[in-house]
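The values are calculated or read from the model by the stated rules, or taken from the named source; none is laboratory data. In this text the structure is predicted, and so the values were computed from the model without any measurement. Using ideal geometry, Cβ is built from the backbone for each residue, glycine included, and neighbour counts are taken over all protein chains shown. These accessible areas exclude ligands, DNA and RNA; they are computed on the full protein's heavy atoms, side chains included. Shrake-Rupley method; radii C 1.70, N 1.55, O 1.52, S 1.80 Å.
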Amino acid sequence: MKREAIVVPEGCKEVLLHACCAPCSSAIVEWLVQHDIRPTIFYYNPNIWPREEYEIRKNESKRHAESLGLTWIDGDYDHTQWQQDVCGLEGEPERGRRCELCFTLRLTAAARKAQELGIQYFTTTLASSRWKSLEQINKAGLIAQETIKSEGNLSPLTTHHSPLFWSQNWRKGGLYERRNQLLKDFNFYNQQYCGCEFSQRPKS
């Protein structure tokens, strides 16, 4: 039996979508809406540098969400704290330990926001990029899930358990190709590097 490219968790009608940027969000959001799953978009990316770059990406994400009438949430930008969090890992290569920690920090914030809002599932657009390690992203999402579970403190809106990570390869089902088309349709700003200052280093 052929396995579906995108597998929806049981009972999922709403999801908190951690968004890294508008281009990566676009096809995922479209797919979710078409399948009667309402995304709440959470933009939390303190890794992005410089601040001007962060603002451009943030505003594009907000523009996209507002054009579709979706809830969009601005996470706090604290790049100084992010630098402290990844201190000692500056020399790591892309897809190294710094990236894994960065994913974990951002997805833990997403899981915490999902819990606050009483949303049962959270996922991330990071898993739509062919430049990212899906293994690292899935590991980070599960760590985030378990971290929030161990913290307890369920929101009054949450009826039975802490948020669950929707582990999904969002490149599947033609979504990567659709992303490229929507990038043109919306005339999105398309960044040329991951986000942090360390990802701008010349590739050896």
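Is there a residue being open to solvent by 50 Å² or more (accessible area, probe 1.4 Å), farther than 16 Å from residue 103 by Cα and in contact with a Lys or Arg (Cβ under 7 Å, 6 or more places away or on another chain) anywhere in region 165-173? Steps first, please.
So the first thing to find is which residues in region 165-173 are open to solvent by 50 Å² or more (accessible area, probe 1.4 Å), and the list is 167, 171-173.
Then keep just the ones that are farther than 16 Å from residue 103 by Cα; that gives 171-173.
Next cut, in contact with a Lys or Arg (Cβ under 7 Å, 6 or more places away or on another chain) only: 171.
Looking through region 165-173, at least one residue is open to solvent by 50 Å² or more (accessible area, probe 1.4 Å), farther than 16 Å from residue 103 by Cα and in contact with a Lys or Arg (Cβ under 7 Å, 6 or more places away or on another chain).
Tally up the residues in region 63-88 that are more than 21 Å from residue 110 (Cβ to Cβ) and either at pLDDT below 95 or of a type in the set (A, V, I, L, M, F, W, C) (or both), please.
Total meeting the criteria: 1.
What are the pairs, 6+ residues apart or on separate chains, where a residue within region 46-75 that is closer than 17 Å to residue 14 by Cα has its Cβ under 9 Å from a residue that is of a type in the set (D, E, K, R)?
68/30; 70/38; 71/38; 72/62; 72/66; 73/113
Quick check on my filter: what residues within region 58-71 are out of contact with any Phe, Trp or Tyr (no Cβ under 7 Å at 6 or more places or on another chain) and closer than 19 Å to residue 191 by Cβ?
If the condition is that a residue be out of contact with any Phe, Trp or Tyr (no Cβ under 7 Å at 6 or more places or on another chain) and closer than 19 Å to residue 191 by Cβ, then 59, 63 are the ones that fit.
Which residues, counting only those in region 72-93, are touching a Phe, Trp or Tyr at 6+ places or on another chain (Cβ under 8 Å) and farther than 18 Å from residue 193 by Cα?
72, 73, 74, 75, 76, 77
Does at least one position in region 156-164 carry a residue that is modelled with pLDDT of 95 or more and of a type outside the set (Phe, Trp, Tyr)?
Within region 156-164, one or more residues are modelled with pLDDT of 95 or more and of a type outside the set (Phe, Trp, Tyr).
For region 1-113, please list each of the strands (runs of 3 or more DSSP E) lying entirely inside it that holds at least 3 residues being within 17 Å of the chain's Cα centre (by Cα) and surrounded by 15 or more Cβ atoms within 10 Å (Cβ to Cβ). Outline the logic, then answer.
Details: elements: 14-18, 38-43, 72-74.
In region 1-113, the matching strands (runs of 3 or more DSSP E) lie at 14-18, 38-43.
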